[in-house]
Ligand code: ATP
């Protein structure tokens, strides 16, 4: 297999006794849009800054394009960085801003013009060449910063919370644009964000960090469907976690007895019988049914009798337009979140407060977590 473009090997960064980044191993392939994701203070920016050469690892090494970056200053690395604050020069026009780095590098004027023109076209700023930054919107200033970084044709573009200064609507629009630009130029992007929606929407792969430690590296859908542990399950989206004991474990099927619930899972379980495990169930994977006296409980297909079914009562719901989020109190006294699409709401009014319900789920739905 080809050598990855970026190889991070056993990298630690300590500030005094505090490990901001703790023994991270990570390989990023050429052409990826990679997101480093995690809560505030998890060490993701420190890791990005080490790639840029703005911080020096306390331990471990970083290779870019097969070359050890130890002692290589930021301006000699094949990387460029777009900062959160955009950092464009206020006294320069858009084209001067974008061409600045090329001028410093001594690129001849003719080539400079062509490259600036192409970069502005790429970020859709053609026609605004002569404007100054204070005559631009936040989103346009962001594009100037992006064009300025891309015009230098780096092997890797590092982006530190690139959309955080934009308002919500623009941020969402820029997500797809940034992903399209990345796809077009084919430059490897490494982006830091604390916003999981942003990471899932844009990145081809994500690394989730907590307390300096890389928890999981996977595609967005694998992070969501197969979280490696409780931290990832909880950080990515919303989840119901049932803590319990693995009482039966046969050829990757399992029965978990958890707080009054019997959870049958038909996939991905590896021997941990008798130990504590967690079944992670996403709210949209739970079905709600009316519960009436004398009417038998629904039997979820593929599960043994009495498993994957819980009785409860609607305690609260929030109507969110496209979907409704229900909070169901089970007869065992725990609250389970259920998300229900409103696609068919014209024929199905949903469920009301204090209404008795059944909760059921497929044996394929829960992820089983060992930590
Ligand atoms: P945020 O999203 O809030 O920027 P982050 O995940 O990017 O958070 P980092 O900026 O990498 O986190 O910081 C990780 C930890 O290291 C934090 O607890 C921070 O206070 C600490 N830290 C970062 N830089 C320094 C420094 N120069 N000196 C001491 N501690 C630092």
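Condition check ((1) farther than 24 Å from residue 36 by Cα; (2) modelled with pLDDT under 95) across all residues:
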{"site": "52", "(1), (2)": "no, no"}
{"site": "60", "(1), (2)": "no, no"}
{"site": "75", "(1), (2)": "no, yes"}
{"site": "86", "(1), (2)": "no, yes"}
{"site": "97", "(1), (2)": "yes, yes"}
{"site": "101", "(1), (2)": "yes, yes"}
{"site": "105", "(1), (2)": "yes, yes"}
{"site": "120", "(1), (2)": "yes, yes"}
Criterion violated by residue 311 - all others in (1) assigned to a strand (DSSP E or B); (2) surrounded by 18 or more Cβ atoms within 10 Å (Cβ to Cβ) satisfied: (2)
Among the residues of the stretch 104-111, is any free of Cβ contacts under 8 Å to residues at least 60 places away in the same chain and in contact with a helix residue (DSSP H, G or I) (Cβ under 6 Å, 6 or more places away or on another chain)? no
With the structure loaded, tell me whether residue 83 is touching a residue at least 60 places away in the same chain (Cβ under 8 Å) and either within 16 Å of the ligand (Cβ to nearest atom) or surrounded by 14 or more Cβ atoms within 10 Å (Cβ to Cβ) (or both) or whether it fails that test. yes
Among the residues of the stretch 18-56 satisfying the criterion of being more than 12 Å from the ligand (Cβ to nearest atom) and assigned to a strand (DSSP E or B), which is farthest from the chain's Cα centre (by Cα)? 23
Would you kindly identify the strands (runs of 3 or more DSSP E) lying entirely within the stretch 171-290 that contain at least 3 residues that are over 26 Å from residue 336 (Cα atoms) and in contact with a strand residue (DSSP E or B) (Cβ under 8 Å, 6 or more places away or on another chain)? 188-193, 205-210, 213-218
Would you be able to tell me the number of residues in the stretch 123-161 that are in a helix (DSSP H, G or I) and over 25 Å from residue 6 (Cα atoms)? 10
Over the stretch 3-17, the set of residues within 26 Å of the chain's Cα centre (by Cα) and either loosely packed, with under 14 Cβ neighbours inside 10 Å or farther than 16 Å from residue 52 by Cα (or both) is 3, 4, 10, 14
Name, by its number, the condition in (1) in contact with a helix residue (DSSP H, G or I) (Cβ under 9 Å, 6 or more places away or on another chain); (2) more than 30 Å from residue 131 (Cβ to Cβ); (3) assigned to a strand (DSSP E or B) that does not hold for residue 81. (2)
Condition met for residue 14 (within 15 Å of the ligand (Cβ to nearest atom) and over 22 Å from residue 153 (Cα atoms)): yes
The number of residues in the stretch 153-202 that are within 16 Å of the ligand (Cβ to nearest atom) and within 24 Å of residue 26 (Cα to Cα) is 15
In the set 304, 363, 298, the lone residue that is under 32 Å from the mean Cα position of the chain (by Cα), on the phi < 0 side of the Ramachandran plot, in a loop (DSSP other than H, G, I, E, B) and in contact (Cβ under 8 Å) with a residue 24 or more places away in the chain is 363
Would you check which residues across the stretch 112-123 are loosely packed, with under 15 Cβ neighbours inside 10 Å and either within 15 Å of residue 100 (Cβ to Cβ) or under 26 Å from the mean Cα position of the chain (by Cα) (or both) and list them? 113
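The values are calculated or read from the model by the stated rules, or taken from the named source; none is laboratory data. The structure displayed is predicted, hence computed values, not measured ones. Positions of Cβ are generated from backbone atoms using ideal geometry, with glycine treated the same way; all protein chains shown enter the neighbour counts.
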